[in-house]
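A quick write-up on the structure given underneath.
The values are calculated or read from the model by the stated rules, or taken from the named source; none is laboratory data. Only a predicted model underlies this, so the values are computations on that prediction, with no experimental measurement involved. Cβ atoms come from the backbone with ideal geometry, glycine included; neighbour counts cover every protein chain shown.
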Amino acid sequence: MRVLLTGATGYIGRRLTDKLLAAGDVELRLFVRDAAKLGEAVRARAEVAEGDTFHPDALARALAGVDVAYYFIHSMGAGRDFASRDRLSAENFREAAVEAGVRRLVYLGGLGVRETASEHLRSRLETGEILSARPEAVQTVWFRAGIIIGSGSASFEIIRNLVQKAPVLITPRWVRTRTEAVAVADVLAYLAAARDVQVEGNVVVDIGAGVTTFAELLRGAASVMGLRRLFVPLPFFTPRMGAYGLVLLTPVPFAVASALVEGLRSETVKQNDNAARLFPRVTPRPYERAFADALDEIEARQVLSRWCDADAEPVCGLRPPASLEAAVYTLRRFAPTGDLPPARVFAAASAVGGEAGWFRLDFLWKLRGVLDKLCGGPGAARGRRDPRALRLGDAVDFWKVREVRPGKRLLFAAELKLPGRGWLDFVVERGRFVVTAYFYPRGLLGRLYWYLYWPVHALALADVARGVAAEAGRPDRRAGPAVA
Ligand SMILES: NC(=O)c1ccc[n+]([C@@H]2O[C@H](COP(=O)([O-])OP(=O)(O)OC[C@H]3O[C@@H](n4cnc5c(N)ncnc54)[C@H](OP(=O)(O)O)[C@@H]3O)[C@@H](O)[C@H]2O)c1
């Protein structure tokens, strides 16, 4: 069976890629906007088709000869017109699939009903309807999930951070709306089985591990983590206040927090029992077990994907211009590394950020993250997927990895709310480690920003250069692998 997986660099797609490759009975083709985001191990084992859903030629090439195609694409985060982009994307995909003679489309969207759906959920429902609109030509298996619990999922990170950081948790009416959670491992089991499940015509499969509320999920998390928390019902706590609370206490930016809170205002529970009927071998695990599994994955450094892996825009659109040297502003600092092997220096440089922090001036980076959060940016609390390894597209605090040249170079793009565009460049040279900040200002404000922050940036960059050199020289430091 030849299977096409879209969204293979996203949260669900990366994990399903792993699962389908392990199954060994499919010829897997991945449709991605930038193959470099996949990592070498995956590229070696699966065929890769590059392109996006707004280019019918790329879709035709990707879908040629395919039996089953998975659709895990959305444009959330791509601005106000995300719903129309989602519609066009789904229409293009369905038409290309029909043209290529694909037998079955498998889609994962959100749980809920149109009448009470939030704007984001409505778009997910519309996508399902569009994909299912030509049942005579291509069959659609449409899964609908509520809150997905897994290491690195946005909902899990929100719950974990809230419960860990707040001794008192406010439970307004809207956190007591009925909802359903499901473990990511169970979602993957359903999705993988959907490639050859015996079913006639289109089918909608609602999945979840039983009706609960967000307040109950918080309680369950506290019990799994062995934390005593006080729950205070406060009826006047509005969803907007809730979203701001989430921004301050959890790693998600305002857009993700408000989408979650909006989603909680209406019921999201299963509308059919097709999951149990069509997939009797999958028994969704209870929430507490799903939560504990996610914690174990973090502990074992087995986080395959995170909610911030995908990009609002294609990665290539965020790549720096051909020559960074042409940046309007450049600030460079370096530290001697003597005769340390480049692999060691690179490994030390690859471990910056996240829980390890940014050396002696870490508090300044943290402060910058808080200021960014207050301005609606991602802040520094996203941390990193893995404490040592990096791959293209990984988030590291408020940076995104844009180039990884093992042993030589790491380039990060700033995702902070900035009056311009910024990059942080690490280069391992013979005998020294070089850190450079590049900045393309936007207007006068951008220029003012650069000069205002210059002294702080100069100190912080010098500290990082020194810190990496010192870390690389530590006798107990393990070298590599720094690339996933
Ligand atoms: N994650 C959850 O908790 C959750 C819960 C319920 C339902 N779902 C549903 O599951 C599905 C997948 O979600 P996810 O969390 O895995 O999403 P995600 O992590 O945001 O990934 C989205 C993927 O789509 C790709 N993409 C975006 N626009 C594209 C385009 N025009 N052409 C080609 N690729 C494009 C992205 O590629 P780049 O890497 O290049 O950006 C990325 O691989 C969605 O329908 C979502 O509604 C998810």
Next on the checklist: Whether any residue in the range 383-406 is within 16 Å of the ligand (Cβ to nearest atom) and farther than 25 Å from R43 by Cβ is what I want to check.
Outcome noted: no
Next on the checklist: Of all residues being of a type in the set (D, E) and modelled with pLDDT of 95 or more in the range 197-221, which is nearest to F156 (Cα to Cα)? Just the residue, please.
Outcome noted: E216
Item to check | Unmet requirement for A189, which otherwise passes all of (1) surrounded by 18 or more Cβ atoms within 10 Å (Cβ to Cβ); (2) within 13 Å of the ligand (Cβ to nearest atom); (3) farther than 18 Å from T212 by Cα | outcome: (2)
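Answer with yes or no whether T53 is in contact (Cβ under 8 Å) with a residue 40 or more places away in the chain and closer than 20 Å to G150 by Cβ. Reasoning before the result, please.
Numbers: in contact (Cβ under 8 Å) with a residue 40 or more places away in the chain: yes; closer than 20 Å to G150 by Cβ: no.
Taking the combined requirement at face value, the residue does not satisfy it.
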Checklist outcome for this item: Pairing a residue in the range 284-305 that is outside the structural domain of L390 (by TED's automatic domain parsing) and within 30 Å of D273 (Cα to Cα) with any residue that is within 16 Å of the ligand (Cβ to nearest atom) and of a type in the set (F, W, Y), where Cβ atoms lie under 7 Å and the two sit 6 or more apart in sequence or on different chains, gives A294/F156; S305/Y11
Checklist entry - Among the residues of the range 196-206, is there at least one that is crowded, with 19+ Cβ neighbours inside 10 Å, under 21 Å from L260 (Cα atoms) and not aromatic (F, W, Y)? => result yes
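Would you list the helices (runs of 4 or more DSSP H) that sit entirely within the range 1-72 and hold 1 or more residues that are within 11 Å of the ligand (Cβ to nearest atom) and surrounded by 23 or more Cβ atoms within 10 Å (Cβ to Cβ)? So that I can check it myself, show each step before the final result.
On the way: elements: 11-23, 40-45, 56-63.
Fully inside the range 1-72 and qualifying: 11-23, 56-63.
Of the residues D394, D372, which is acidic (D, E) and under 15 Å from the mean Cα position of the chain (by Cα)?
Values: D372 fails: under 15 Å from the mean Cα position of the chain (by Cα).
Result of the check over D394, D372: D394.
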Checklist entry - Scanning the range 458-476 for residues that are crowded, with 20+ Cβ neighbours inside 10 Å and out of contact with any helix residue (DSSP H, G or I) (no Cβ under 8 Å at 6 or more places or on another chain), which turns out nearest to T436 (Cα to Cα)? => result L461
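Specify which of the listed residues (G467, G473, G480) is under 20 Å from F346 (Cα atoms) and either modelled with pLDDT of 95 or more or of a type in the set (F, W, Y) (or both). Give the steps one after another, and end with the answer.
Working: G473 fails: either modelled with pLDDT of 95 or more or of a type in the set (F, W, Y) (or both); G480 fails: either modelled with pLDDT of 95 or more or of a type in the set (F, W, Y) (or both).
Residue meeting the stated conditions: G467.
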Checklist entry - Counting just the residues of the range 241-283 that are free of Cβ contacts under 8 Å to residues at least 24 places away in the same chain and under 23 Å from the mean Cα position of the chain (by Cα), which one comes out surrounded by the fewest Cβ atoms within 10 Å (Cβ to Cβ)? => result Y244
Item to check | Scan of the range 153-179 for residues that are under 19 Å from M241 (Cβ atoms), more than 14 Å from the ligand (Cβ to nearest atom) and not in a loop (DSSP other than H, G, I, E, B), ordered by number | outcome: N161, L162, V163, K165, V168, L169, I170, R173, W174, V175, R176
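Can you find a residue that is within 12 Å of the ligand (Cβ to nearest atom) and either within 19 Å of I207 (Cβ to Cβ) or surrounded by 15 or more Cβ atoms within 10 Å (Cβ to Cβ) (or both) anywhere in the range 99-107?
In the first step, residues of the range 99-107 are kept if they are within 12 Å of the ligand (Cβ to nearest atom); the result is 106-107.
Now drop any that are not either within 19 Å of I207 (Cβ to Cβ) or surrounded by 15 or more Cβ atoms within 10 Å (Cβ to Cβ) (or both), which leaves 106-107.
Yes.
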